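Note sheet for the following structure.
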Amino acid sequence: MTCPHCKEAISENHSEQHIAGCWKQERLRILAELQSAVCYCGGFKTARQTFCRREYNALPPDMRRALYRRFGDGYEEAYTAARVFLAPTVTMETDQ
Ligand SMILES: [Zn+2]
Ligand SMILES: [Zn+2]
């Protein structure tokens, strides 16, 4: 199987540990990104806001609302879902 975070191939019997470790790293990265003034796309954003205005405006209302959840209480999941929505070609597997 493939780790959903680092995209590395991992063996089944170590997958849970591996994914938990990568998710921890990913959460730290998401938090640092939230506090910075640079959006993941390289655009300018306000610190403590998740995305630049262009991407925030592209999100459906329920996804925008989800980004107001607290970190550690659904925010990271909301961020991940929003990223998948904004860049489906990057985050999703393509049909062969
Ligand atoms: Zn990984
Ligand atoms: Zn952006």
Would you pick out the residues in the range 1-22 that are part of a helix (DSSP H, G or I) and either within 16 Å of ligand 2 (Cβ to nearest atom) or exposed (fewer than 15 other Cβ atoms within 10 Å of the Cβ) (or both)? Glu12, Asn13, His14, Ser15, Glu16, Gln17, Ala20, Gly21
Would you point out the residue of the range 49-81, among those that are within 15 Å of ligand 2 (Cβ to nearest atom) and within 17 Å of Gln35 (Cβ to Cβ), that is surrounded by the fewest Cβ atoms within 10 Å (Cβ to Cβ)? Gln49
Let me spell it out: the conditions are (1) among the hydroxyl-bearing types (Ser, Thr, Tyr); (2) touching an Asp or Glu at 6+ places or on another chain (Cβ under 9 Å); (3) within 15 Å of ligand 2 (Cβ to nearest atom), and Thr46 meets all of them except one. Which number is the exception? (2)
Name the single residue, out of those in the range 25-48 being within 16 Å of ligand 1 (Cβ to nearest atom) and buried (at least 16 other Cβ atoms within 10 Å of the Cβ), that is nearest to Tyr79 (Cα to Cα). Ile30
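Every read-out reported here was derived from the displayed coordinates using simple, explicitly stated rules and does not represent laboratory data. Note that the coordinates shown come from a computational prediction; the quantities given were computed from them, not determined experimentally. Quick reminder, even Gly has a Cβ in these numbers, built from the backbone with ideal geometry, and neighbours come from all protein chains shown.
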